Amino acid sequence: MTKEEIKEIVEKQRNCFLRGQTLPVKNRLQALKKLHKNILSKEKEIAAALTQDLGKSEAEAFMCEIGLVLSEISYMIKHTPKYAKDKKVSTPLTNFPASSFVKSSPYGNVLIMSPWNYPFLLTMDPLVDALAAGNTVLVKPSAYSPATSQVIEDLIKETFSSEYVSVVRGGRAENACLLEEKFDYIFFTGSQAVGKEVLRKAAEHLTPVTLELGGKSPCIIDSSAKIKLAAKRLAWGKFLNCGQTCVAPDFVLCHSSVKDEFIKALIKEVKAQYGQNPLDNKDYGKIINQKHFDRLNSLIQKEKVVLGGNSRKESLQIEPTIMDKVNWQDPVMAEEIFGPILPVLTFDSYDEIYKLLNGRQTPLAFYIFSQNRKIIKEFTSRFPFGGGCINDCVVHLATNNMGFGGCGESGMGAYHGKVGFDTFSHKKSIVDRKTFMDVPLRNQPYSKAKRSILGIFLK
């Protein structure tokens, strides 16, 4: 798409918003209901596209993408009328007679830039929140997941007018053109490197942004953990979508006293869930492209592999791989893995964990498997991170009643449910001053009596 075509779409959407077409709550609900209906009608097409791009099974496609989007739409249909209402707040006596309220107003024209790893979910979820809040939206899906991007474009064209919601497909050239335009809000999910560029471009227009990035999310397993249960849940969460999940546990810090037991249990669970030959498992996905496939293979140190390590170039698949006796100097610890490789490191004391993790980049997620409530409270309080789980992993991002987002290097802002509605809304603080009387307390000339009265009200 050319720069001129992009500019024309942005202008049409801005005019649509300025005409007030997205403001009535009934219009927002109609749009959400139509989207819900059309997703259901295209469920098989969406699942097939996810299989083509990432090798996802139909079950995984529904569980981790389609179903979560439908859930978010249903939640917003139910709650948007309440969220959109003016919220009354108390008014200080100095403003008597008056009432005060907060009005949730959409920002206007929103740009959503989504990634390839959960291409449907991470495009549609923020879109749902932005529509519920009353914005017009321009969506830019990833070029790395072309089949899903095509389905998204078809779905949006069938559901909305282009001046309400539009899709721009393409690669870096289109991204660059989009970031030259002025939007009222930008929502980006992707890498830190691209996130920095988005933030730089947004700053030129003073445009507010949400950045959903990533990082090396740690998983701590202490000596009190239920090892078999931890292994079971980690085997699912780490190797889901071949490890291409922004909140996947990036590495395990396991207490040395239970490390051997944990690795043995994890190997058993991986084989139970993915089979003796995962590359022949029709429900096991693939790496998104050759570039990432080669990068991941370069991180595998065969001498440290205790399970997996094999790959299949023609299908871009890498086995669920567990590496033992890993240290912080190994290549696998130098960057976010974003693939089916799980390094296991050890610790001997809790103080050691603070030394190991403090000062590093803030991760998107933090996981701890433990039965020690004191330690759990201490760790979840002291370490900075976006969100996380206690005795589980990944599932915190699927809760409508909590916001999901990063912190520090892993991002800024959040979405899902009411938090998502608020993300795409500006909160206008308004005082409604009554006209039936006027108390001239604030007006000159100032007297000692006025000063005394003000002291009573303001102290």
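The values are calculated or read from the model by the stated rules, or taken from the named source; none is laboratory data. Given the structure is predicted, the values throughout are model-derived calculations rather than measurements. Cβ coordinates were reconstructed from backbone atoms using ideal geometry, including for glycine residues, and neighbour counts include every protein chain displayed. Quick note on the areas: whole protein, heavy atoms, side chains included, nothing else; ligands and nucleic acids left out. Shrake-Rupley method; radii C 1.70, N 1.55, O 1.52, S 1.80 Å.
The table below gives the values:
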| item | result |
| --- | --- |
| Residue in segment 349-364 that is β-branched (Val, Ile, Thr) and open to solvent by 40 Å² or more (accessible area, probe 1.4 Å) present | no |
| Any helices (runs of 4 or more DSSP H) falling wholly within segment 116-193 and containing at least 2 residues that are open to solvent by 20 Å² or more (accessible area, probe 1.4 Å), of a type outside the set (Gly, Ala, Ser) and farther than 28 Å from Met402 by Cα | 146-159, 172-180 |
| Neighbours by Cβ (under 6 Å, 6+ apart or cross-chain): first from segment 304-333, on the phi > 0 side of the Ramachandran plot; second modelled with pLDDT of 95 or more and in a strand (DSSP E or B) | Gly308/Thr321; Gly309/Thr321 |
| Lone unmet requirement of (1) surrounded by fewer than 18 Cβ atoms within 10 Å (Cβ to Cβ); (2) among the β-branched types (Val, Ile, Thr); (3) closer than 20 Å to Asp129 by Cβ for Thr2 | (3) |
| Answer from Leu178, Leu279, Leu234 - the residue that is among the aliphatic types (A, V, I, L, M), out of contact with any Asp or Glu (no Cβ under 9 Å at 6 or more places or on another chain) and at pLDDT 95 or above | Leu178 |
| Verdict on Ala230 being open to solvent by less than 10 Å² (accessible area, probe 1.4 Å) and aliphatic (A, V, I, L, M) | yes |
| Residue within segment 404-423 that is touching a Cys at 6+ places or on another chain (Cβ under 9 Å), buried (at least 18 other Cβ atoms within 10 Å of the Cβ) and at pLDDT below 95 present | no |
| Some residue of segment 270-280 being of a type in the set (Gly, Ala, Ser) and open to solvent by less than 40 Å² (accessible area, probe 1.4 Å) | yes |
